[in-house]
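The values are calculated or read from the model by the stated rules, or taken from the named source; none is laboratory data. Remember, it's a predicted structure, so these values are computed and weren't measured experimentally. FYI the Cβ positions are ideal-geometry reconstructions off the backbone, even for glycines, and counts take in every protein chain you see. SASA here: full protein model, heavy atoms, side chains in, ligands and nucleic acids out. Shrake-Rupley method; radii C 1.70, N 1.55, O 1.52, S 1.80 Å.
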Amino acid sequence: MPAVTDPHDVDAAAGPGMLSAAVAADKPLVYVPHSGSGDVWVIDPATYQVIAKYPAGKELQHVVPSWDMRTLYATDDRGDHVLPFDPRTGQPGKAIPVVDPYNMYFTPDGKYAISVAERLRKLVWYDPHTWQVHDETAAPDCGGIDHADFSPDGRTAVFTCEFAGRVAVVDVASHRLLRMVDMPHRNTRMGPQDIKLAPDGSVFYIADSDANGLWVLDGAATHVLRFIPTGRGAHGLYLSRDAKQLYVTNRHEGSISVLDAYTGAPVTVWHLPGGGSPDMGNGTADGTQLWLSGRYDRTVYVLSTKDGSLIRKIPVGDQPHGLCVWPQPGRYSLGHTGITR
């Protein structure tokens, strides 16, 4: 794994405008996968116009940057494949068979791609170049396994279990399930969802939709420390480009809570005019905008990170989900919608 450049900020190499040479020539585009219509729409962020629509499968969930940031993968869990996009051109390639890729992550050393097989309650470890299966990690007690983040040293991964009210802690080197950690109150309908490591690695923040806020897991991933209320349907977690603030999308009330990324202290709340269903997305490379899918409203929201004002509301297809804003700063990608370090 590339060395952490600042122990106080694991994301220090992914600051505003810190584009690597590998992505500097990539087309600035936003890729929107649709769970309902099974396609990917491409938006030009300069004009906010949809410029392309690509049939991509049965139930698209996320658009995930590869570890080397040279390919974007649209994941189709029902179709059991990923569709690669070339970020230089924005064009799709040929579908690659992958088992139940609800979500996808890459180990911090770049050795493996991990298909988060939510339906099958397991992790499938692939060679990211040949797409041959290397290993599997069964997680039978992790119903709804879906989102993850990694410890600062890259040795531990924590996966959320949405339908079990707990998280699964996995050893990255051995692919072994180390332990399950229950939330103090186990919500099993729409429980633990997105997860984000604090910049200094001190804690993991875990969004719990039914709890309407965040559980705070200790950095060693052994026990829950406290709870932070945010809003109804807490779902997606994103750091500001300078890693000082944490954005929490409250999907059931149309708001975004802004917290201090280190302490979890509330800073402010941004409310979408007329409400909405902010879900997943990411910030722009310069950090001035936050792009989010409106999961239940056939919409993509573009917000100013200066004051949370709505810059644009873009009509899209049926059930937009894990959209990817590209390019992103950083040296490598851990997956999801663009966790870069």
Open item on the list: Here is a check on your reading of the model: is TYR73 under 17 Å from VAL316 (Cβ atoms) and at pLDDT 95 or above?
Closed with: no
Task: Unique residue being crowded, with 22+ Cβ neighbours inside 10 Å and touching an Asp or Glu at 6+ places or on another chain (Cβ under 8 Å) when the list is LEU225, LEU272, LEU237 - done: LEU237
Task: Count of residues meeting criterion [buried (at least 23 other Cβ atoms within 10 Å of the Cβ) and outside any strand (DSSP E or B)] in segment 152-172 - done: 3
Task: Within segment 204-221, tally of residues that are open to solvent by 10 Å² or more (accessible area, probe 1.4 Å) and either hydrophobic (A, V, I, L, M, F, W, C) or under 15 Å from CYS161 (Cα atoms) (or both) - done: 4
Task: segment 87-110 residues that are charged (D, E, K, R), paired with ones that are open to solvent by less than 20 Å² (accessible area, probe 1.4 Å) (beta carbon under 6 Å, 6 or more apart) - done: ARG88/ASP26; ASP100/ASP77; ASP100/ALA117
Open item on the list: Take ARG179 and tell me if it is under 21 Å from the mean Cα position of the chain (by Cα), of a type in the set (D, E, K, R) and open to solvent by 10 Å² or more (accessible area, probe 1.4 Å).
Closed with: no
TODO: Count, please, the residues in segment 1-38 that happen to be closer than 20 Å to ARG295 by Cα and open to solvent by 20 Å² or more (accessible area, probe 1.4 Å).
DONE: 2
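Table: residues versus (1) closer than 27 Å to ARG226 by Cα; (2) over 20 Å from the mean Cα position of the chain (by Cα); (3) modelled with pLDDT of 95 or more.
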| residue | (1), (2), (3) |
| --- | --- |
| VAL258 | yes, no, yes |
| ALA261 | yes, no, yes |
| VAL267 | yes, yes, yes |
| THR284 | no, no, yes |
| GLY287 | no, no, yes |
| TYR296 | no, no, yes |
| VAL300 | no, no, yes |
| LYS306 | no, yes, yes |
| ARG341 | yes, no, yes |
TODO: Output the number of the condition that TRP41 fails; it satisfies all remaining conditions of (1) under 15 Å from GLY294 (Cα atoms); (2) in a loop (DSSP other than H, G, I, E, B).
DONE: (2)
- [ ] Report yes if VAL50 is open to solvent by 30 Å² or more (accessible area, probe 1.4 Å), farther than 20 Å from HIS129 by Cβ, part of a loop (DSSP other than H, G, I, E, B) and among the β-branched types (Val, Ile, Thr), otherwise no.
- [x] no
- [ ] Go through (1) part of a strand (DSSP E or B); (2) modelled with pLDDT under 95 and name the single condition GLY274 misses.
- [x] (1)
Open item on the list: Just the residues that are out of contact with any Cys (no Cβ under 7 Å at 6 or more places or on another chain) and touching a residue at least 40 places away in the same chain (Cβ under 8 Å), please, taken from segment 118-145.
Closed with: GLU118, ARG119, LEU123, TRP125, PRO128, ASP135, THR137
Open item on the list: PRO16 - would you say it is out of contact with any strand residue (DSSP E or B) (no Cβ under 9 Å at 6 or more places or on another chain) and either assigned to a loop (DSSP other than H, G, I, E, B) or free of Cβ contacts under 8 Å to residues at least 40 places away in the same chain (or both)?
Closed with: yes
TODO: Could you please find all residues in segment 323-341 being more than 11 Å from GLY281 (Cα to Cα) and either acidic (Asp, Glu) or part of a strand (DSSP E or B) (or both)?
DONE: SER333, GLY335, THR340
Open item on the list: Name the single residue that is most open to solvent (accessible area, probe 1.4 Å) among those in segment 279-305 being of a type in the set (Ser, Thr, Tyr) and in a loop (DSSP other than H, G, I, E, B).
Closed with: TYR296
